[in-house]
Amino acid sequence: MPLIGLHVSISGGFLKAVERGETHGCEAIQIFTKNQLQWKAPAISPSQGITFLKALRESGIRRVVAHASYLINLAGEEPLRGKSMEALIDEIERCDHLGIEDLVLHPGAHLGQGLEKGLLNLIEGLRVVLEKTENARVRILLETMAGQGTVLGARVDLFREVLQGLDWNGRMGLCLDTCHLFAAGYELREKGSYEHLVKNLEKNFGLDRIGCWHLNDSKAEKGSHRDRHQHLGEGELGLRFFSILLSDSRWDDVPLILETPKCGMGDCGNMALLRKLRGH
């Protein structure tokens, strides 16, 4: 079965994140390893890593995914690009200390330099980061994006160019965001259209490259390029798609992480829906 869970806060420490995941019955969680809106943070000590891993082993949480800082933009120009590479290297090292094997990364924005230049910057930036962290086990999962503004990643084809440019490095993968895919123009609401997407992914990447899904309904219509997350079943996607996804054995043991709003039905309501749609 897919592993369902939430993005949880590390406020109060990493152990609090485990406790929050346990409270909601998570099988997988996603965390930031530091404040996502700051470039730097205190280093993670060996004792913090050991304590975190021990707490995880004693919990029902089977997988942890980290999300990199929103400030990182490898597709941009200097000096932002250089600062972003340093920050990503630090994020990978932090994950390594915590025993986290997958790190979700936004592909960045070209900021008016053009898609071709932004793509080249992204590939070369990732190449440097992978070389400087070659001893780490951490895999970078590039997240599909809605395509607002100059942001890269609205089309899945772009990620094939990135991976080809990196010689299909084994430490590169994808994170699929349901709201972003839909807002980027991918039809997901019927079984046939969903199967078309999955077969495309399998052909172009291999499904083992898909390290995580972000589960969100969409407030905006298909193809809007607007990143507006909504509670499951309360947006334009509807519940049928999520039912199809949760019953698909091809995603066994893959984390399916909710990033839905905290207001309204909140985490409890969305987690309850996931269990119901999956059957338990």
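Ranking 111, 12, 186 by Cα position along the charge dipole of segment 3-278, where only Lys, Arg, Asp and Glu carry charges on their C-beta atoms, puts 12 farthest toward the positive end. Within segment 75-89, list the residues whose amide N lies under 12 Å from a label point set 7 Å along Cα→Cβ of residue 113. What the label zone holds, given the 12 Å backbone N cut-off, is 75-85.
Work out the P(r) tail for segment 3-278: percent of alpha carbon pairs separated by more than 24 Å, whole number. Display every interim value, and only then the final one.
Numbers: 18081 of 37950 pairs.
Everything past 24 Å amounts to 48 percent.
Sorted from greatest to least, the principal axis extents spanned by the alpha carbons of segment 174-280 come out as 39, 33, 22 Å. Basic side chains Lys and Arg get +1 at the Cβ, acidic Asp and Glu get -1 at the Cβ, and with that the dipole of segment 3-278 about its Cα centre reaches some 420 debye. The label point for residue 23 and the one for residue 208, both projected 7 Å from the Cα toward the Cβ, are 3.8 nm apart.
Near residue 178: Cβ cut-off under 10 Å, other residues only, Lys/Arg at +1 and Asp/Glu at -1. The net charge is -3.
Rounded to the nearest whole angstrom, the semi-axes of the ellipsoid equivalent to segment 1-155, taken from the Cα gyration tensor as √(5λ), stand at 29, 17, 13, largest first. Multiplying the residue separation of residue 38 and residue 127 by 0.36 nm and subtracting their alpha-carbon distance yields 29.7 nm.
Classify segment 96-217 as rounded, prolate or oblate, taking a ≥ b ≥ c as the square roots of the eigenvalues of its Cα gyration tensor: rounded when a/c is under 1.5, otherwise prolate if a/b is larger than b/c and oblate if not. Since a/c reaches 1.5 but b/c is at least a/b, the shape of segment 96-217 is classed as oblate. From its DSSP helices (H runs of at least four residues, each -39,500 (n - 2.57)), the chain gives a residue-normalised ellipticity at 222 nm of -12500 deg cm²/dmol.
Please compare each pair in 222/262; 16/219; 83/117; 40/83 to a cut-off of 20 Å on the Cα-Cα distance and tell me which ones are over it.
Details: 222/262 23 Å; 16/219 31 Å; 83/117 18 Å; 40/83 11 Å.
Flagged as over cut-off: 222/262; 16/219.
Packing order of peptides 33-41, 149-157, highest average first: 149-157, 33-41 (average count of other Cβ atoms within 10 Å over each peptide's residues). Candidates 39, 29, 80 compared by Cα position along the dipole of segment 28-86: farthest toward the positive end lies 29, with charges placed on Cβ.
No lab work stands behind these numbers, since they all come straight from the coordinates. Because the structure is a prediction, the values reported are computed rather than measured. Here the Cβ is made from the backbone with ideal geometry for all residues, glycine too, and neighbour counts use every protein chain on show.
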